[in-house]
Amino acid sequence: MADRICWNCGAKNAPDARFCTNCQSYLGWDTGSGDSGGDSGGGAGDEAKTATGSDTRPGGEAAGAGVGSGSTATEGVPDVHVGGDDRSGDAGGDDDAGGSAGEAAAIGTAPAPGSPDVTVATPEVTLRPDGPARVELAIENPTKVVDGYDVEMVDPPDWLELVGPEVHLMPGASDDVELSLVMRPGPMVVAQRAELTLRISSQEDARRYAVADLVVHVPAYGPRVGITASPALIRLEDAGDGSFTLTLDNRSANHPQRLTLAGKDPEDVVDFRFSTSTIEVGPGSTADVRVEFSAPQPPPGQQRNRQLAVAATDDEGPIPATITLVQSTAAAPVDAPITLRIQPSTIRLDDAQDAEFDVLVDNRGGHSGVTVALTGVDPEQRLSFAFIPARFVAAPGKVTKARGLVRAEPPPPGSQATHPFTVVATDGASDASGDAMLEMTSSAAAIATAELRANPERLDLGHHRQGQFTVEIDNRRGVRPLNVAISGRSDDGAVRAMFAPASVVVAPGAIGYSRVSLTSPHPPSGQQATRRLHVTASDGSQDLETSVEIAQVRPNRRPTVGRWLIALGAALVIVGALLLPWFIDLPRPELNPIAIAQDILTSTGLQSEFVEGPLRILLVVLAVLMLFGIAGKDGGLSRKTAVLIVLLAAGYLVFLAATPEMTLSALDIGLPFVWIGAALAYAGGILVRMKD
């Protein structure tokens, strides 16, 4: 037979056991059940019958009204509470669900069935050091056995202790339990709000438990912060700055206190500087604040007492502390008069008009600061002065330096000038002065050391009329800026030049540039010409000069034109001889030499086409010879063939007019083309010969 599972705690028992060996619960409620011999899952579904005939299983499932076959409910059986709830359900519940709930209770994932019902009557309590805090609980035992319960805190703070009586309850009984929360002896407990968890566990089965939440308030208590100044008496000799320390004591309070610090004196002349003006002192602790102050010193040889009041203010008001300040000064010493000197005493300027120098005011023999004002004086009244600062305090025991600036007009170029001057320092009662000398030298004019260059120095324009080059004004050896106007002219006056820019300012040590664009007329055809353009840079008093050689050549285009005319003339001759008719109303003759020869042999008389055909072929041959004349140096072949072509064409007309058998008709465009082409070729031959 299978083990019998306790409906209350889920423990396994012998099949014939009547009471649970773990919790002593009665196991006979299932007597007569048809499933009493089931497996562990059926055991978890054993029923607890109530007086009304309804039953509640440990897993929370309701069973049917009848148990087994024809069994009746047992009278006088109390209700069973699991986990603190009365649970009932419809008939026909699943026994497997009861088994799952029993297994969950066994592994501790949730309170086991039969856990107590707990109600906290005081969910929030206040705990003070002078007494415990009372916590009231109502605990109900839902099981059918007598059980005791332990009440303990889950993860309690170290300073808290829970005191309570032993709790034992009859089955189904409940009771009010009063617990005490007390502070353990030891360090001070800070004011706080602590959230606690109480665990009420069965003494019989620790898996049956309940948890309850509790909030514990620890109120703030303790006096206000105590304030102490150290030292309370401060002595200063020949000094105005001092310091002291404020100690803020919060050791008797369990809560932090925030304070604002301030200080004052009756005369309101002391300046207080706190390391922090607002501070929060933690509970049960102290804090130190360093206070620095500055107080005006009494007159020499006197003593003055001051009461310094410092207050730390919280929400209730200020908490005062008093410090006594005793200040004394030594008797005033005798001051020696100030002296002044200029460094350097001789100032040399080369090609400049401004110079800087140092003014040294010596107050090493004095014991107090002297306010002085600086001025500059020169006998010639040619200098102007500036001082930085112009008015200042000469510190005692030190040499105070000021910066001076002197300006003068430079002498003429190539000359020197000397200017003496004096710097005076006055304090309103006495004066101190120092002398110096300004020596100025002006170098020669910038144009005297400058150079003017053309780049390039020779400009080859070739067949063109226009060109460009650059003019360089070299002032690298100069110490003054150079301002020059640039102009240019050629020997024959034929060259026009434009300068961009026409006026150039060149800084010392630099090179200035001007771009020159020129236009030069062509020389005679086929000749080469050389011109020289002279460029001048003038500053109004002196001039710098350079020149550029301009080379040009004018090409002879007549041979080229002549060759084109020869080619055109030859083309016209060929077109007129081969393609165009020579006479109106007469067809163009056959030009095939073989056909012409056959016609002559078979003809019985002289015909014009016997002459015109061979003549046309001859003219084409001469036109080709005319083209060969292009390669000649003087065009002689072209001219000769052109004359021969004209003579042949004219002779053919004479032949036609003189021969009775021939008919001279009106001319068409063919022969004019031949004559025009011959004339053009002849003219081209003449142009080829004209090389100069």
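Report the calculated FRET efficiency for Ser517 and Ser538 (r = Cβ-Cβ distance, R0 = 30 Å), to the nearest 0.05. If you can, show how the numbers build up before the last one.
Numbers: r = 20 Å, r/R0 = 0.67.
FRET efficiency, Ser517 to Ser538: 0.90.
Can you tell me the dipole magnitude for the stretch 226-328 around its Cα centre, using point charges on the Cβ only (Lys, Arg +1; Asp, Glu -1), in Debye to the nearest 20?
Details: 8 positive and 14 negative charges, 35 e Å.
So the magnitude is around 160 debye.
Any chance you could run the full-extension gain for His168 through Val643? It's 0.36 nm times the residue separation minus the Cα-Cα distance, nm to one decimal. Don't skip to the end; give the middle numbers.
Details: separation 475, 0.36 × 475 = 171.00 nm, distance 15.97 nm.
Extra length available between His168 and Val643 comes to 155.0 nm.
Let me have the relative contact order for the stretch 339-441, percent, based on Cα pairs under 8 Å that are six or more residues apart. Let's see the in-between values first.
Values: 251 pairs, mean separation 38.7, N = 103.
RCO, the stretch 339-441: 38 percent.
Find the centroid of the Cα atoms in the stretch 208-241 and in the stretch 125-167, then give the distance between the two in whole Å.
Each part reduced to its Cα centre gives a spacing of 34 Å.
Work out, step by step, the length gained on full extension between Lys633 and Arg258: first 0.36 nm times the residue separation, then minus their alpha carbon distance; give nm to one decimal.
On the way: separation 375, 0.36 × 375 = 135.00 nm, distance 12.05 nm.
Length gained between Lys633 and Arg258: 122.9 nm.
Can you check what the Kirkwood hydrodynamic radius comes to for the stretch 117-218, Cα pairs only, in Å to one decimal?
Numbers: mean 1/r = 0.0702 Å⁻¹.
Kirkwood radius, the stretch 117-218: 14.2 Å.
With θ taken as phi - 60° and the coefficients 6.51, -1.76 and 1.60, list the Karplus ³J(HN,Hα) couplings across the stretch 270-278 in order, rounded to whole Hz; mark glycine and proline as x.
Going residue by residue, I get 8, 9, 9, 10, 8, 4, 8, 8, 10 Hz, with x marking Gly and Pro.
Using 0.36 nm per residue of separation minus the Cα-Cα distance, give me the extension gain between Thr371 and Arg458 in nm, one decimal. List each step's numbers first, then the result.
On the way: separation 87, 0.36 × 87 = 31.32 nm, distance 7.20 nm.
The span from Thr371 to Arg458 would gain 24.1 nm if fully extended.
Given labels modelled 7 Å from the Cα in the Cβ direction, how far is it in nm from Val334 to Thr422?
It works out to 2.8 nm between the two label points.
Would you mind computing, in nm to one decimal, how far apart the modelled labels at Asp175 and Asp431 are, each placed 7 Å from Cα along Cα→Cβ?
11.4
Sort Lys640, Lys633, Lys144, Lys264 by Cβ crowding within 10 Å, fewest neighbours at the top.
On the way: Lys640 16, Lys633 9, Lys144 22, Lys264 13.
Arranged by neighbour count, lowest to highest, Lys640, Lys633, Lys144, Lys264 become Lys633, Lys264, Lys640, Lys144.
Would you mind ranking Val189, Val154 so that the residue whose beta carbon has the fewest other beta carbons within 10 Å leads the list?
Working: Val189 21, Val154 9.
So the ranking, lowest neighbour count to highest, is Val154, Val189.
Which of Cys6, Cys20 comes first, and how do the rest follow, when ranked by fewest Cβ neighbours within 10 Å? Intermediate values should be presented prior to the final figure.
Numbers: Cys6 28, Cys20 21.
Result, fewest neighbours first: Cys20, Cys6.
Extending each Cα 7 Å along its Cβ direction at Leu405 and Val479, get the distance between those two points in nm, one decimal.
2.1
Rule-based calculations on the coordinates, nothing more; no lab input. Since the structure is predicted, the reported quantities are computational estimates derived from the model, not experimental observations. A quick note on method: Cβ atoms are made from the backbone with ideal geometry, for glycine too, and the neighbour counts reach across all protein chains shown.
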